[in-house]
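Engineer: Dropping the structure in here first, questions after.
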Amino acid sequence: MVNKEEIQNQIIQAVETVRRTNPLAGSITNTVTMNFVANAQLAVGGSAAMVYLPDEGEFLAKAGGATYINMGTLLPVYEETLPHTAKVLYDTGKPWILDPVAIGIGTLRTQLLRQFKDYKPSVVRGNASEIIALAGLWGLDGGTDVSNVRGVDSTDSVNAAKAAAVALAKWTGGAVAVSGETDLITDGNLIVFSQGGSHFMEKITGFGCSLGGVAAVYAAAASPFIAALTSTAVYNLAGNRAENKADAPGSFQVQFLDELYKATAEDIADNPLEIEEV
């Protein structure tokens, strides 16, 4: 029997631990959205650090509580930095979050994502099409060929990615978060649907990227499943509240960061969710 109250208590504990300990969550992330990622991490109570170089990635992997790797806007140096950092994280048992942005574009991106299978990210976060494509690239159930992905846009529903998400979570032993109108989070045994957010999130670049960064903050203080669930819940809560105060994308982004900062642990835990067993 699934204990919803216990899950909510773990969310509260994760939020309170982060705000008390200010954990470092390093990021190797999309240059288009780096500022937003860092500000979101700071707003929820974490400490942010952005790097490019292999030795700095290794330093963060060892020094930080968790690390976020985002595949957007790849730089040539990332061919060395990303697999090196992922290996150090795996070898040291440190949690890390993978966002397979734009999977299917280019041979380097595909090569790097294929290597990550052996380094088992703690949390995989993406839209439905990215999750389905990653499962396909890794030869897991529910996956399809990466050529079906259209850049960073999702052409699949969240429910269509359910089998792929479960398969990825079982392979990694961690969690998968699928972003959509209603978000899906799974550890391979439970599936949680988290509701909320705002239509303005589609009008501003970086919401998915920053969500991955915030998941890394919580991964420094909680299990992968609770980290994925807590980050998704606070985004849905803050997005809904910010929409009530803003009437356009620019003001929404400002209000959203404020609401991330102001959200209480109890409010985050109480954000609407539905639980089902796999």
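The values are calculated or read from the model by the stated rules, or taken from the named source; none is laboratory data. The model shown is predicted, which means the values in this text are computed figures rather than measured ones. Methodologically, a virtual Cβ is constructed for each residue, glycine included, from the backbone with ideal geometry; neighbour enumeration extends over all protein chains shown.
Engineer: Name the single residue, out of those in the range 87-108 being charged (D, E, K, R) and not in a helix (DSSP H, G or I), that is surrounded by the fewest Cβ atoms within 10 Å (Cβ to Cβ).
Structural biologist: Lys94
Engineer: Report whether or not Asn240 is in a helix (DSSP H, G or I), of a type outside the set (Val, Ile, Thr), surrounded by fewer than 19 Cβ atoms within 10 Å (Cβ to Cβ) and touching a residue at least 40 places away in the same chain (Cβ under 8 Å).
Structural biologist: Yes.
Condition check ((1) modelled with pLDDT under 90; (2) surrounded by fewer than 18 Cβ atoms within 10 Å (Cβ to Cβ)) across all residues:
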{"residue": "Lys117", "(1), (2)": "no, yes"}
{"residue": "Lys120", "(1), (2)": "no, yes"}
{"residue": "Ala133", "(1), (2)": "no, no"}
{"residue": "Thr144", "(1), (2)": "yes, yes"}
{"residue": "Asn148", "(1), (2)": "yes, yes"}
{"residue": "Val158", "(1), (2)": "no, no"}
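Engineer: Quick one: in the range 1-28, which of the residues that are outside any helix (DSSP H, G or I) and more than 19 Å from the chain's Cα centre (by Cα) is surrounded by the most Cβ atoms within 10 Å (Cβ to Cβ)?
Structural biologist: So, considering only residues that are outside any helix (DSSP H, G or I) and more than 19 Å from the chain's Cα centre (by Cα), the one surrounded by the most Cβ atoms within 10 Å (Cβ to Cβ) is Val2.
Engineer: Separate question: If a residue has to be closer than 22 Å to Asn236 by Cα and in a helix (DSSP H, G or I) to count, how many in the range 29-64 make the cut?
Structural biologist: 10
Engineer: Got at least one residue in the range 250-263 being in a helix (DSSP H, G or I) and among the acidic types (Asp, Glu)?
Structural biologist: Yes: one or more hits.
Engineer: Another one. Can you find a residue that is among the small types (Gly, Ala, Ser), buried (at least 19 other Cβ atoms within 10 Å of the Cβ) and more than 26 Å from Gln41 (Cβ to Cβ) anywhere in the range 199-213?
Structural biologist: Looking for residues that are among the small types (Gly, Ala, Ser), buried (at least 19 other Cβ atoms within 10 Å of the Cβ) and more than 26 Å from Gln41 (Cβ to Cβ), one finds none in the range 199-213, hence no.
Engineer: While we're looking at this one, here's another question. May I ask you to say which residue of Val51, Val77, Val101, Val88 is of a type in the set (A, V, I, L, M) and either in contact (Cβ under 8 Å) with a residue 40 or more places away in the chain or closer than 22 Å to Gln253 by Cβ (or both)?
Structural biologist: Of Val51, Val77, Val101, Val88, the one residue that is of a type in the set (A, V, I, L, M) and either in contact (Cβ under 8 Å) with a residue 40 or more places away in the chain or closer than 22 Å to Gln253 by Cβ (or both) is Val101.
Engineer: So, Ile226, is that one under 19 Å from Glu5 (Cβ atoms) and in contact with a Leu (Cβ under 6 Å, 6 or more places away or on another chain) or not?
Structural biologist: For Ile226, the condition - under 19 Å from Glu5 (Cβ atoms) and in contact with a Leu (Cβ under 6 Å, 6 or more places away or on another chain) - is not met.
Engineer: Could you tell me which of the residues Val178, Val217 is within 16 Å of Pro100 (Cα to Cα), in contact (Cβ under 8 Å) with a residue 40 or more places away in the chain, surrounded by 23 or more Cβ atoms within 10 Å (Cβ to Cβ) and of a type in the set (A, V, I, L, M, F, W, C)?
Structural biologist: None of the others qualify; the one that does is Val178.
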